[in-house]
Amino acid sequence: QNAKDIGHNQINFHRTIGEPLVMKYADELGLYLYEEPGAFHAGEQYYEVFDSTFAGDIMYEKVRRMVIRDRNHPSLVQINLCNEDNGWNTLRERAMIMANKLNNSVIVTNTSAWSDSTNHIRPYESSIRSDLADWHTVEAEDRFQESDLKSHSTSDYENLRHWGEVRCYTGPPNWYSVAKLRSKSGTPGYDENVYKPLHDDILDYFNRNNLSTNGSKVISSPSDVTTQAGRGLMYIDGRLGQIIMLSDAVDGYAINGWSAGPQAAEVIPEEDFNWESAITDEARNLKGVASDFAYWVRDLQIAIIRKNGKYFKPGDAGEFDVHLINEGRIPAGSYTLSIRVIDGVGNETAFQHDVIVDVKGGDVYAQKFIESLVIPFDASFHAGHITVEGKLYDGTTVVADGAEQVLLQNRPSWQKDISPYNIAVSDWAAAKTAIQD
């Protein structure tokens, strides 16, 4: 359900045979599945001999039983022999051919790794092909990288293109909810010691600061503390999805990290927590707000991409690309694209750009409408997040929309906001300058 809520259409059984109960619910929800047998990775030194060993016989039988057990699940669309291991031998070849004969409705792949020529058998075919490019772009950073706005793009229509593992960002588990769930169940588990102290600290902080009545009211319960912190993860992973969807030649991608495993402080050193890249935590709570993620991966949207940074001052100009993502949602034809700019306090500015555009439709899932839209940032724009808003009209009906934001520093625009107040600054030169500005 989490996967559906964030706008994704598939999850992977990564390096393991799938759990039948998950497959049952995936069938009912209309969620696609990708399955691996696990344990096929045997090291490069075994590529030539693994197929003639007892271990090789076990792997062949393991794959055979997996395919037979799961072939009647309509949710299953891909069988992959091995993660990040593009080795090839007669065992791999025999296993792929056998899997295809037992279930020819799915794509069977040798690996998901780093290769422009991955061996695979496509649905309703029987020959092994190599025109599949699958690349893992696993990197961990502490925040969204602007360079990713130009990443994961290809114009290669000759090969299938799949990004098998994309990046590796992180967000906090909902320690409060995990510990509360375990205490209510009466079976705290072997790693309750990891969550209970953090549960207690969050509850204490929430109560001492009266967060249910003070402040923005965004945090209304202790569990909201980490959920709000996790919104950064949802933005980053959602934005990555949007960027990949902008490349029409790309056939699919997988965010690297879905469900977390049990943590133990003595096993996972603190410095390694940045690899805790799951979108859901140990109790299957989404780490952030689902709608934050879903906004960016809508299958019909105007996608506006900032090109020359995200911080600006009056007199600067922002540059933007404007795209359409349309996965079979609206037909080909002539439409009106309208661009407006909203300033930092929600006022619509004088900027407007309207143009007639040609939507290709059909199996063209992404197209670029505007290569470079230049927007001057006027001194009359109030500081804050400047929202560039796009709407696609069919006549007078809005059929698609989307937005991009940049941050404008315009201190004089705050004059009316702060004029009713008496402000004192002590021993902080930068703050004094900001107020004077």
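For a quick check of your reading of the model, give me the residue pairs whose first member lies in the stretch 15-34 and is farther than 18 Å from ARG65 by Cα and open to solvent by 50 Å² or more (accessible area, probe 1.4 Å), whose second is part of a helix (DSSP H, G or I) and at pLDDT 95 or above, with beta-carbon atoms closer than 6 Å and at least 6 apart or on different chains.
LEU29/LYS4
Testing ILE305 on (1) among the hydrophobic types (A, V, I, L, M, F, W, C); (2) surrounded by 15 or more Cβ atoms within 10 Å (Cβ to Cβ); (3) more than 30 Å from ASP156 (Cα to Cα), one condition comes back false. Which one is that?
Checking ILE305 against (1) among the hydrophobic types (A, V, I, L, M, F, W, C); (2) surrounded by 15 or more Cβ atoms within 10 Å (Cβ to Cβ); (3) more than 30 Å from ASP156 (Cα to Cα), the one that fails is (3).
So, in the stretch 294-324, how many residues would count as being in contact with a Gly (Cβ under 7 Å, 6 or more places away or on another chain) and either more than 17 Å from PHE381 (Cα to Cα) or outside any strand (DSSP E or B) (or both)? It would help to see each step written out before you state the result.
Of the residues in the stretch 294-324, the ones in contact with a Gly (Cβ under 7 Å, 6 or more places away or on another chain) are 294-298, 301-304, 306, 308, 312, 322.
Narrowing further to those that are either more than 17 Å from PHE381 (Cα to Cα) or outside any strand (DSSP E or B) (or both): 294-298, 301-304, 306, 308, 322.
The total comes to 12.
Output yes when any residue across the stretch 379-390 is open to solvent by 50 Å² or more (accessible area, probe 1.4 Å) and in contact with an Asp or Glu (Cβ under 6 Å, 6 or more places away or on another chain), and no when none is.
Restricting attention to the stretch 379-390, the residues satisfying the condition of being open to solvent by 50 Å² or more (accessible area, probe 1.4 Å) are 379-380, 385, 389.
From what is left, the residues that are in contact with an Asp or Glu (Cβ under 6 Å, 6 or more places away or on another chain) are none.
No: zero hits.
Which one is farthest from the chain's Cα centre (by Cα), of the residues in the stretch 308-339 that are open to solvent by 60 Å² or more (accessible area, probe 1.4 Å) and of a type outside the set (D, E, K, R)?
Selected residue: GLY315.
Residue by residue through the stretch 141-161, note down the ones that are touching a Gly at 6+ places or on another chain (Cβ under 9 Å) and either within 19 Å of ALA278 (Cα to Cα) or surrounded by fewer than 21 Cβ atoms within 10 Å (Cβ to Cβ) (or both). Explain how you work it out, then say what you get.
To start, the set of residues in the stretch 141-161 that are touching a Gly at 6+ places or on another chain (Cβ under 9 Å) comprises 143-144, 146, 160-161.
If the condition is that a residue be touching a Gly at 6+ places or on another chain (Cβ under 9 Å) and either within 19 Å of ALA278 (Cα to Cα) or surrounded by fewer than 21 Cβ atoms within 10 Å (Cβ to Cβ) (or both), then ARG143, PHE144, GLU146, LEU160 are the ones that fit.
Can you confirm whether the stretch 57-70 contains a residue that is open to solvent by less than 60 Å² (accessible area, probe 1.4 Å), closer than 30 Å to LYS287 by Cβ and under 25 Å from the mean Cα position of the chain (by Cα)?
No: the stretch 57-70 contains no residue that is open to solvent by less than 60 Å² (accessible area, probe 1.4 Å), closer than 30 Å to LYS287 by Cβ and under 25 Å from the mean Cα position of the chain (by Cα).
Six or more apart or on different chains, Cβ atoms under 7 Å: show the pairs whose first residue is in the stretch 322-335 and touching a residue at least 60 places away in the same chain (Cβ under 8 Å) and on the phi < 0 side of the Ramachandran plot and whose second is among the polar types (S, T, N, Q) and outside any loop (DSSP other than H, G, I, E, B).
Note: pairs meeting the criteria are HIS323/GLN367; LEU324/GLN367; ILE325/GLN301.
Please work out which one of (1) in a helix (DSSP H, G or I); (2) more than 19 Å from the chain's Cα centre (by Cα); (3) within 24 Å of ASP248 (Cβ to Cβ) is the condition ASP156 fails and give its number.
For ASP156, the exception is condition (1).
Look through the stretch 204-229, keep the residues that are out of contact with any Lys or Arg (no Cβ under 9 Å at 6 or more places or on another chain) and open to solvent by less than 60 Å² (accessible area, probe 1.4 Å), and return whichever of them is farthest from TYR169 (Cα to Cα). Quick ask: steps written out before the conclusion?
Just the residues of the stretch 204-229 that are out of contact with any Lys or Arg (no Cβ under 9 Å at 6 or more places or on another chain), to begin with: 204-210, 212-221, 224-225, 228.
Add one more test, that the residue is open to solvent by less than 60 Å² (accessible area, probe 1.4 Å), and what stays is 206, 209, 219, 221, 224-225, 228.
On the way: PHE206: 27, ASN209: 30, ILE219: 23, SER221: 25, ASP224: 20, VAL225: 19, GLN228: 16 Å.
In this case the residue turns out to be ASN209.
Looking for something open to solvent by 70 Å² or more (accessible area, probe 1.4 Å), among the hydroxyl-bearing types (Ser, Thr, Tyr) and in a loop (DSSP other than H, G, I, E, B) - is there at least one such residue anywhere in the stretch 415-422?
Here is the first cut: in the stretch 415-422, the ones open to solvent by 70 Å² or more (accessible area, probe 1.4 Å) are 415-416, 419-422.
After this cut, where a residue has to be among the hydroxyl-bearing types (Ser, Thr, Tyr) as well, the list is 419, 421.
In the following step, the residues that additionally are in a loop (DSSP other than H, G, I, E, B) were identified as 419, 421.
Among the residues of the stretch 415-422, at least one is open to solvent by 70 Å² or more (accessible area, probe 1.4 Å), among the hydroxyl-bearing types (Ser, Thr, Tyr) and in a loop (DSSP other than H, G, I, E, B), which makes the answer yes.
In the stretch 166-206, which residues are polar (S, T, N, Q) and over 24 Å from the mean Cα position of the chain (by Cα)? Before the answer, list the steps.
Within the stretch 166-206, the subset polar (S, T, N, Q) is 170, 174, 177, 183, 185, 187, 193.
Across the stretch 166-206, the qualifying residues are SER183, SER185, THR187, ASN193.
Given (1) farther than 30 Å from GLU146 by Cα; (2) open to solvent by less than 30 Å² (accessible area, probe 1.4 Å); (3) in a helix (DSSP H, G or I), where does ASP237 come up short, assuming only one miss?
(1)
Identify, from the list PHE369, PHE381, PHE351, the residue that is modelled with pLDDT of 95 or more and either within 16 Å of LYS313 (Cβ to Cβ) or of a type outside the set (A, V, I, L, M, F, W, C) (or both). Steps first, please.
Numbers: PHE369 fails: either within 16 Å of LYS313 (Cβ to Cβ) or of a type outside the set (A, V, I, L, M, F, W, C) (or both); PHE351 fails: either within 16 Å of LYS313 (Cβ to Cβ) or of a type outside the set (A, V, I, L, M, F, W, C) (or both).
After applying the criteria, what remains is PHE381.
Regarding PRO173, is this residue touching a residue at least 60 places away in the same chain (Cβ under 8 Å) and open to solvent by less than 20 Å² (accessible area, probe 1.4 Å)? Before the answer, list the steps.
Values: touching a residue at least 60 places away in the same chain (Cβ under 8 Å): yes; open to solvent by less than 20 Å² (accessible area, probe 1.4 Å): yes.
Judged against the criteria, PRO173 is a match.
Quick check on ASP281: is it in contact (Cβ under 8 Å) with a residue 12 or more places away in the chain and farther than 30 Å from LYS180 by Cβ?
On the way: in contact (Cβ under 8 Å) with a residue 12 or more places away in the chain: yes; farther than 30 Å from LYS180 by Cβ: no.
No: the conditions fail for ASP281.
Can you list residue pairs whose Cβ atoms sit under 7 Å apart, with the first residue in the stretch 353-380 being assigned to a strand (DSSP E or B) and the second being surrounded by fewer than 13 Cβ atoms within 10 Å (Cβ to Cβ)? Count only pairs 6 or more apart in sequence or on different chains.
Listed by first residue and then by second, the contacts come to ILE356/SER334; ASP358/SER334; VAL359/ALA332; VAL359/GLY333; VAL374/ALA317; ILE375/ALA317; PRO376/ALA317.
Give just the number: which of (1) under 30 Å from GLN367 (Cβ atoms); (2) open to solvent by less than 70 Å² (accessible area, probe 1.4 Å); (3) not aromatic (Phe, Trp, Tyr) does ASP251 not satisfy?
Here ASP251 clears every test but (2).
Could you say whether any residue in the stretch 230-239 is of a type outside the set (Phe, Trp, Tyr), out of contact with any Pro (no Cβ under 6 Å at 6 or more places or on another chain), touching a residue at least 12 places away in the same chain (Cβ under 8 Å) and over 30 Å from TRP114 (Cβ atoms)?
yes
The values are calculated or read from the model by the stated rules, or taken from the named source; none is laboratory data. This structure is a prediction, so every number in the text was calculated from the model and none was measured. With ideal geometry, Cβ positions are generated from the backbone for all residues, glycine too; neighbour counts draw on all protein chains shown. Just so you know, the surface numbers come from the protein's heavy atoms only, side chains and all, with ligands and any DNA or RNA stripped out. Shrake-Rupley method; radii C 1.70, N 1.55, O 1.52, S 1.80 Å.
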